[in-house]
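Trainee: Below are the C-alpha cells for one structure; questions will follow.
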Amino acid sequence: MLDFDTAQDRLIQAAVRPTRSERIPVAQALGRIVATNVHATIAIPPADNSAMDGYAIRFADVEAGTRLPIQQRCYAGDVPEDLKPGHAIRLFTGSLMPAGADTVVIQENCSEDNEHVVFQTTPVLHAHVRIKGEDMSQDKTIILKGKALNSGHIAMLASQGITEIDVYPIPKIGILTTGDELAQPGQPLQVGQIYNSNAPMLSVLVQQLNAQVHMTRHAKDTLQDIQDALTALCAECDLVLTVGGVSVGDKDLVKPAIEGLGGEMNLWKVLMKPGKPVALAHIGDTPIVGLPGNPVSSYAVFTLMVSPMIRVLQGRRHAMPRVFYGKLESNKTFRDSREEFIRVQARADVDGFIYLTPHEQQGSAIISSLAWATGLARIPVNTDINNGDTVAYYDFKHWGF
Ligand code: AMP
Ligand code: MG
C-alpha cells in the first residue's frame, strides 16, 4: 500500500511542464497561465496626480483661515501650469499635480469666492496625492510566469497598454469511461444498467480548472474496445483519464489493455478512502491515470491527485492549492486504517473560524453527497477524530479551480 502523500507526489512528478507558448489577446486571457514574467513598461500612475476633488497648494503656504487666489482650473486630462507661490490650482480626481504643489486639500474643507479659495483647516503635507509609479514602477515585474490570470491581472495589463500576452497552451485531457453496465444519459435505462455519471462529472471538473476536454470515449468491458479507445485518446491528448476497470475483478481490463499496447502500468493500492485503486501508466509519452469507478472515489482522486497534475501540465507556479483547517462538528468519531477524505460542508463563524459538518452518508457511491459538500476533510490514518478536533480541509473552490 502506498500512502496518500507519496501517491499524490508520484502523479505530480509524472506531469510535464509545458515548453511551448502562444500569444493571445489579453481580452481572451482570463484563466490562462502566463508563460513569461511580465514587466511594466510605463509607471502607473504615469505622473503625480490628485486622488480627490480639491485644490493643489504648497503646504508651506496654507494654514486654517488662509485665502489664496485660484490660478487655474485643471480637469483630469488637462496639463497644469506650474503653481505660482501663494496660489492654489483647482483640481479634480485624476488631475495632474502642478509642478511646485506638494499637497491636495479636499474641496469639503474649502470655500470659494470671487476666484479665491479659503482653507478651513490646516492641511496635511502630501495628502491626497497619488505618486508616480506608486502602483507599478517602470520595469517592475508585475506578473510572474505561471500565474493564472484573474480580472485584476487583466486590469494591470490593460493599464500598461498591453493587448497581447504569451500564455501556455491549454492541456488536452481525454476521458475514457468503461463498463458494460453503463448507459449514456438520454438513453433508456435497461435492467441492471446505471447511467454514466462520471463522464459528465469529470468533464466539468476538467473545465473548471481551465483545461480542455479534448475527447471522451466509453468502452465496453472488452480488451478490444478499451484498446481502441486508448489508442485514439493517447494519440491526441496530453493526459488520459480512465474510469473504472482497475480493480481485481474479472472485468477489470484496463491494466491488460494498457500492457497490450506496450504501456507499463503501476497499479497502486493507495492508503486512502475513498479511492483505493489508483493507476499510473504511459503509452508513448502520454500519461494515463486510472481512476476508480465509484463516483465519489473518482471525484476525490481527481480533486486531490489529478487536479495538481493538470496544474503542472498547464504550467502553473504551484501544483498544489492551499489547504485550510477547520474544526469538525460531529457527534460521531471518525477513525480508519486508511487516510480518509470525508465530504463536509464548511461554515465560518463571526470570527472567521471554519467549522466542518460531515455528510451523513460517506459511502463511495453516494453521488448526492458531492453536490452537498463544499470540500473534503482529511482524517489522518488510525487517529480518532472527534467533535471539535482540527482537521485539514480541501475546499472544492480552491481544489477544483
Ligand atoms: P469498477 O471499478 O469498474 O468495478 O467500478 C466500480 C463501481 O463504479 C461500479 O459500481 C460501477 O458501476 C461504478 N462506475 C464505474 N464507472 C462509472 C461511471 N462512469 N459512472 C457511474 N458509475 C460508474
Ligand atoms: Mg467496471
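The values are calculated or read from the model by the stated rules, or taken from the named source; none is laboratory data. Because the structure is a prediction, the values reported are computed rather than measured. Reconstructed Cβ throughout: ideal geometry from the backbone, glycine too, with neighbour counts over all protein chains shown. Note: areas computed on protein heavy atoms with side chains; ligands, DNA, RNA excluded. Shrake-Rupley method; radii C 1.70, N 1.55, O 1.52, S 1.80 Å.
This table checks each residue for (1) surrounded by fewer than 17 Cβ atoms within 10 Å (Cβ to Cβ); (2) within 24 Å of residue 208 (Cα to Cα).
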residue	(1), (2)
328	no, no
352	yes, no
378	no, yes
392	yes, yes
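Trainee: I would also like to ask the following. Pull up the stretch 247-265, narrow it to residues that are in a loop (DSSP other than H, G, I, E, B) and within 12 Å of ligand 2 (Cβ to nearest atom), then point me to the one that is most open to solvent (accessible area, probe 1.4 Å). Quick ask: steps written out before the conclusion?
Mentor: As a first pass, look at the stretch 247-265 and keep what is in a loop (DSSP other than H, G, I, E, B): 247-253, 261-263.
From what's left, within 12 Å of ligand 2 (Cβ to nearest atom): 247-253.
Working: 247: 63, 248: 128, 249: 40, 250: 151, 251: 109, 252: 38, 253: 35 Å².
Looking at the filtered set, the residue picked out is 250.
Trainee: Look through the stretch 288-301, keep the residues that are open to solvent by less than 10 Å² (accessible area, probe 1.4 Å), more than 15 Å from ligand 2 (Cβ to nearest atom) and not small (Gly, Ala, Ser), and return whichever of them is nearest to the chain's Cα centre (by Cα).
Mentor: The qualifying residue nearest to the chain's Cα centre (by Cα) is 301.
Conditions (1) at pLDDT 95 or above; (2) touching a strand residue (DSSP E or B) at 6+ places or on another chain (Cβ under 9 Å), marked per residue:
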{"position": "255", "(1), (2)": "no, yes"}
{"position": "260", "(1), (2)": "yes, no"}
{"position": "275", "(1), (2)": "no, yes"}
{"position": "282", "(1), (2)": "yes, yes"}
{"position": "286", "(1), (2)": "yes, yes"}
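Trainee: Before we move on, is residue 192 free of Cβ contacts under 8 Å to residues at least 12 places away in the same chain, of a type outside the set (Phe, Trp, Tyr), within 16 Å of ligand 1 (Cβ to nearest atom) and assigned by TED's automatic domain parsing to the domain that holds residue 306?
Mentor: yes
Trainee: Just wondering, is there one or more residues in the stretch 29-40 that are open to solvent by 60 Å² or more (accessible area, probe 1.4 Å) and in the same structural domain as residue 123 (by TED's automatic domain parsing)?
Mentor: Looking for residues that are open to solvent by 60 Å² or more (accessible area, probe 1.4 Å) and in the same structural domain as residue 123 (by TED's automatic domain parsing), one finds none in the stretch 29-40, hence no.
Trainee: Considering each residue of the stretch 89-107, count those that are closer than 11 Å to residue 128 by Cα and among the small types (Gly, Ala, Ser), and give that number.
Mentor: The number of residues fulfilling the criteria is 1.
Trainee: Under 7 Å by Cβ, and 6 or more places apart or on different chains, what pairs join a residue from the stretch 282-307 that is free of Cβ contacts under 8 Å to residues at least 60 places away in the same chain and on the phi > 0 side of the Ramachandran plot with one that is of a type in the set (A, V, I, L, M, F, W, C) and away from ligand 2 (no atom under 16 Å from the Cβ)?
Mentor: Hits for this filter: 284/234.
Trainee: Only residues that are more than 18 Å from residue 339 (Cβ to Cβ) and of a type in the set (S, T, N, Q): list them for the stretch 370-383, please.
Mentor: Going through the stretch 370-383, the residues more than 18 Å from residue 339 (Cβ to Cβ) turn out to be 370-372, 374.
Scanning the stretch 370-383 gives a single hit, 374.
Trainee: Right, another one. So for the stretch 333-342 (the condition being in contact with a His (Cβ under 8 Å, 6 or more places away or on another chain), open to solvent by less than 80 Å² (accessible area, probe 1.4 Å) and in contact (Cβ under 8 Å) with a residue 12 or more places away in the chain), does at least one residue qualify?
Mentor: yes
Trainee: Can you tell me which residue is surrounded by the fewest Cβ atoms within 10 Å (Cβ to Cβ) among those in the stretch 94-125 that are out of contact with any Ser or Thr (no Cβ under 6 Å at 6 or more places or on another chain) and under 30 Å from residue 39 (Cα atoms)?
Mentor: 99
Trainee: Please count how many residues of the stretch 92-120 are assigned to a loop (DSSP other than H, G, I, E, B) and within 48 Å of the chain's Cα centre (by Cα).
Mentor: The total comes to 10.
Trainee: In this structure, is residue 192 more than 16 Å from ligand 2 (Cβ to nearest atom) and more than 19 Å from the chain's Cα centre (by Cα)? Spell out the reasoning first.
Mentor: Values: more than 16 Å from ligand 2 (Cβ to nearest atom): no; more than 19 Å from the chain's Cα centre (by Cα): yes.
Taking the combined requirement at face value, the residue does not satisfy it.
Trainee: Go through the stretch 266-282 and report how many residues are open to solvent by 30 Å² or more (accessible area, probe 1.4 Å) and more than 11 Å from ligand 1 (Cβ to nearest atom).
Mentor: Of the residues in that region, 6 qualify.
Trainee: Looking at the stretch 205-246, which of its residues are under 30 Å from residue 398 (Cα atoms), part of a loop (DSSP other than H, G, I, E, B) and either of a type in the set (Asp, Glu) or free of Cβ contacts under 8 Å to residues at least 60 places away in the same chain (or both)?
Mentor: 238, 246
Trainee: Same structure, new question: Hey, among the residues in the stretch 47-93 that are aliphatic (A, V, I, L, M) and over 14 Å from residue 118 (Cα atoms), which one's most open to solvent (accessible area, probe 1.4 Å)? Steps first, answer last, please.
Mentor: Of the stretch 47-93, the ones aliphatic (A, V, I, L, M) are 47, 51-52, 56-57, 60, 62, 64, 68, 70, 76, 79, 83, 88-89, 91.
Cutting the leftovers down to over 14 Å from residue 118 (Cα atoms) gives us 47, 51-52, 60, 76, 79, 83, 91.
Numbers: 47: 35, 51: 32, 52: 69, 60: 95, 76: 62, 79: 118, 83: 9, 91: 0 Å².
Here the answer is 79.
Trainee: Something else about it: Is it true that some residue in the stretch 220-238 is of a type in the set (Asp, Glu), surrounded by fewer than 19 Cβ atoms within 10 Å (Cβ to Cβ), in the same structural domain as residue 289 (by TED's automatic domain parsing) and farther than 28 Å from residue 400 by Cα?
Mentor: The answer is yes; a qualifying residue exists.
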